[in-house]
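The values are calculated or read from the model by the stated rules, or taken from the named source; none is laboratory data. Computed from a predicted model, the values in this text were never measured in an experiment. Glycine gets a Cβ as well: all are built from the backbone with ideal geometry, and neighbour counts include every protein chain shown. The protein model used for the area step is the full one, side chains on, heavy atoms only, and it has no ligands, DNA or RNA in it. Shrake-Rupley method; radii C 1.70, N 1.55, O 1.52, S 1.80 Å.
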Amino acid sequence: MKTRLPVNFLIGAVLVALVLGAAALSLVWTPHDFAQMNIKAKFGPASSTYWLGTDQLGRDVVSQLMAAARNSMTVALAAVLIGGSIGTALGLLASAIGGWVEDLVMRIADIGFAFPALLFAIMLAAVFGPSLTNAVLAISFINIPVFARVARASANQVWTREYVAAAQAAGLNRAVISWDHILPNIGAAIIVQATIEFAVAILAEAALSYLGLGAQPPAPSWGRMLSEAQTLMYLAPQLAIYPGLCIVAAVLGFGLLGDGLRDITDPRLSRER
Amino acid sequence: MSAPLLEARAVTRRYRMPRESLFRAPPVLTAVDSASFILERGETLGIVGESGSGKSTLARMVMAFETPDAGQILFDGQDLGQLSAGDLRRQRQRFQMVFQDPFGSLDPRRSVGWSIAEPLRAIGAENRAHRVAEALEQVNLHAADAEKYPHEFSGGQRQRIAIARAIVTRPELIVADEAVSALDVSVQAQILNLLMDLQDELGLAMLFISHDLAVVASICDQILVMQHGKSIEQGRATEVLNAPTQDYTKSLLIAAGA
């Protein structure tokens, strides 16, 4: 290989692989049933049976963490896909039409940006009730302006290229050009943003679940494990530390992976290494 | 007598510059100032002038990327500014453009064949693969090159590809904006020869824009000299080059070492 991969990309890739691997594995196998309670074994220490011990209800911590990883990845994936598609489409539209439509879309995006994301999620939960679906919708919604901005800024650059002028000279309309030329050429920027937003979405899901607005029991979630462990901090601090570390690993992993991807796809933006 | 293929009638294009003061109207730059010219079928009109003289803006208006603020561009007798968006799109196959930058005018993510076929797709033409192969051979490339991507070609080859895309709809007019300026001198000559051969073969008219008087002299029947957005002189190439009537044309010729 000609160039070395950036360090942040490598570290991010390893962390992401671990988290995704655990999530995927939980689909077919966990050491124990994550919801299986065993009161006699509560607050169990790490052992060959329970690798990271058990919680206040005697449930296996490793199995819960794995199932929670799956839950977290699903929410983040859905939210980034929904928010990313809508946001990118809006950004492309704004860029293709220009003029007052572009201004309007971007000013609305600015408002979306200025609105605190978690506050919006709490509002949504208050109106429609707390559920995982509403958490996904809330996180999707806060992703829309992010992607709209990135897509529109990148698209505006591509619109100035001569191959776009050539497509216009060929007599293609702006919708076709957006699809044929603009979208493929902003793909890298969108993927980088999606990776970074994946990290944000994981954190948002953890925060919402911590507040009781995300995954509802018995569905496992790092955020909810954290909030349940909070009252037991002096008794069993490890119960808060494990999900905390998982959140850190996942968020850091996707964040670094996104930064690394950006360094690879757009060397001009990368800092001196 | 039928209308000339292309005619510019006192075309003016102004750009509004960024505001300098909140309380004064933004300054206006007149890029093209009532410029006029006539291009007959099958002929080549060279537009010369220093950078900033409005050559490229004029080309963009001929391509209907921009509309004149005043005056008209008439293609085959019809005012491009008066056509509906759909009619304009349908007319576009009749006038195509070759761009300056051979590295920027092809989408890096699309195969050469895909790019050349683009104007054909726009008009829903049949038999696209065959016509792409034909166009590639007309510019002395191979039909098999359609599978490749732009980065596999040199600057001169890419310019051939761009020309293939421009002629694939069998247009009547090609607008070449500094089409050889980015190329080496030896490659320039090849591309100029190719353009002249194609012109004979296909009966094309060409609007050839360049800052390089030597290049224009070698290829054009007619020359239009522009200065500060105005068309100051148009005539047969031999006349303009040998007996310029304007001082500015004389100074251009002296600068070119003619």
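Which of the following residues is touching a helix residue (DSSP H, G or I) at 6+ places or on another chain (Cβ under 7 Å), within 24 Å of A:Asn173 (Cβ to Cβ) and not aromatic (Phe, Trp, Tyr): B:Gly46, B:Gly81, B:Gly86, B:Gly104?
From the options B:Gly46, B:Gly81, B:Gly86, B:Gly104, the qualifying one is B:Gly104.
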Original post:
If you take the residues of the range B:136-188 that are in contact with a strand residue (DSSP E or B) (Cβ under 9 Å, 6 or more places away or on another chain) and part of a helix (DSSP H, G or I), which of them is surrounded by the fewest Cβ atoms within 10 Å (Cβ to Cβ)?
Top reply: B:Ile167
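Which of the residues spanning the range B:1-37 are outside any strand (DSSP E or B), open to solvent by less than 50 Å² (accessible area, probe 1.4 Å) and in contact (Cβ under 8 Å) with a residue 24 or more places away in the chain? Please lay out each step first, then the result.
Residues of the range B:1-37 that are outside any strand (DSSP E or B), as a first pass: B:1-5, B:17-27.
Of the ones still in play, those that are also open to solvent by less than 50 Å² (accessible area, probe 1.4 Å) are B:3-5, B:21, B:26-27.
The answer is B:Ala3, B:Pro4, B:Leu5.
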Original post:
What are the residues in the range B:72-95 that are out of contact with any Pro (no Cβ under 6 Å at 6 or more places or on another chain), surrounded by fewer than 20 Cβ atoms within 10 Å (Cβ to Cβ) and either in a loop (DSSP other than H, G, I, E, B) or touching a residue at least 60 places away in the same chain (Cβ under 8 Å) (or both), if any?
Top reply: B:Gln72, B:Leu74, B:Asp76, B:Gly77, B:Leu83, B:Ser84
Subject >> Candidates B:Leu198, B:Leu213, B:Leu202, B:Leu241 - the one that is open to solvent by 10 Å² or more (accessible area, probe 1.4 Å), over 30 Å from B:Tyr15 (Cα atoms) and under 19 Å from the mean Cα position of the chain (by Cα) >> reply: B:Leu202
Original post:
Looking at (1) surrounded by 20 or more Cβ atoms within 10 Å (Cβ to Cβ); (2) at pLDDT 90 or above; (3) within 15 Å of the chain's Cα centre (by Cα), which is the one condition that is false for A:Ala148?
Top reply: (3)
**OP:** Please specify each residue of the range A:153-163 satisfying the condition of being in a helix (DSSP H, G or I) and within 8 Å of chain B (Cβ to nearest Cβ).
**Re:** A:Glu162, A:Tyr163
Original post:
How many residues does the range A:192-216 hold that are touching a Ser or Thr at 6+ places or on another chain (Cβ under 8 Å) and in contact (Cβ under 8 Å) with a residue 24 or more places away in the chain?
Top reply: 10
Original post:
When B:Ser111 is evaluated against the numbered criteria (1) open to solvent by 10 Å² or more (accessible area, probe 1.4 Å); (2) touching a residue at least 24 places away in the same chain (Cβ under 8 Å); (3) within 24 Å of B:Ile219 (Cβ to Cβ), which criterion, by number, is the only one it fails?
Top reply: (3)
Original post:
Filtering the range A:225-255 down to residues that are in contact (Cβ under 8 Å) with a residue 60 or more places away in the chain, out of contact with any Leu (no Cβ under 9 Å at 6 or more places or on another chain) and within 23 Å of A:Lys42 (Cα to Cα), which residue is most open to solvent (accessible area, probe 1.4 Å)?
Top reply: A:Leu235
**OP:** Among the numbered conditions (1) part of a loop (DSSP other than H, G, I, E, B); (2) in contact with a His (Cβ under 6 Å, 6 or more places away or on another chain), tell me where A:Gly171 comes up short.
**Re:** (2)
Subject >> Tally, over the range B:96-105, of residues that are in a strand (DSSP E or B) and more than 8 Å from chain A (Cβ to nearest Cβ) >> reply: 1
Subject >> Selected residue (criterion: surrounded by the fewest Cβ atoms within 10 Å (Cβ to Cβ)) from residues of the range B:115-130 that are more than 9 Å from chain A (Cβ to nearest Cβ) and closer than 16 Å to A:Gly171 by Cβ >> reply: B:Gly124
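Okay, residues lined up against (1) at pLDDT 75 or above; (2) over 30 Å from the mean Cα position of the chain (by Cα); (3) under 17 Å from A:Trp222 (Cα atoms):
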residue	(1), (2), (3)
A:Leu5	yes, no, no
A:Leu18	yes, no, yes
A:Pro31	yes, no, no
A:Tyr50	no, no, no
**OP:** Examine the range A:64-74 for a residue that is more than 13 Å from A:Cys246 (Cα to Cα) and crowded, with 23+ Cβ neighbours inside 10 Å, and state whether such a residue exists.
**Re:** no
Subject >> Residues of the range B:1-26 classified as in contact with a Gly (Cβ under 7 Å, 6 or more places away or on another chain) and at pLDDT below 85, total >> reply: 1
Subject >> Complete set of residues in the range A:178-205 that are among the small types (Gly, Ala, Ser), within 12 Å of chain B (Cβ to nearest Cβ) and touching a helix residue (DSSP H, G or I) at 6+ places or on another chain (Cβ under 6 Å) >> reply: A:Ala188
**OP:** Test B:Ser115 against the stated conditions and say whether it is of a type in the set (Ser, Thr, Tyr) and either touching a Gly at 6+ places or on another chain (Cβ under 6 Å) or part of a helix (DSSP H, G or I) (or both).
**Re:** yes
Subject >> In the range B:58-71, the residues that are part of a loop (DSSP other than H, G, I, E, B), in contact (Cβ under 8 Å) with a residue 24 or more places away in the chain and more than 7 Å from every other protein chain (Cβ to nearest Cβ) >> reply: B:Ala64, B:Glu66, B:Pro68, B:Asp69
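Just checking, does the range A:199-211 include any residue being outside any helix (DSSP H, G or I) and open to solvent by 30 Å² or more (accessible area, probe 1.4 Å)? Give the derivation first.
Narrowing the range A:199-211 to residues outside any helix (DSSP H, G or I): A:211.
Add one more test, that the residue is open to solvent by 30 Å² or more (accessible area, probe 1.4 Å), and what stays is A:211.
Among the residues of the range A:199-211, at least one is outside any helix (DSSP H, G or I) and open to solvent by 30 Å² or more (accessible area, probe 1.4 Å), which makes the answer yes.
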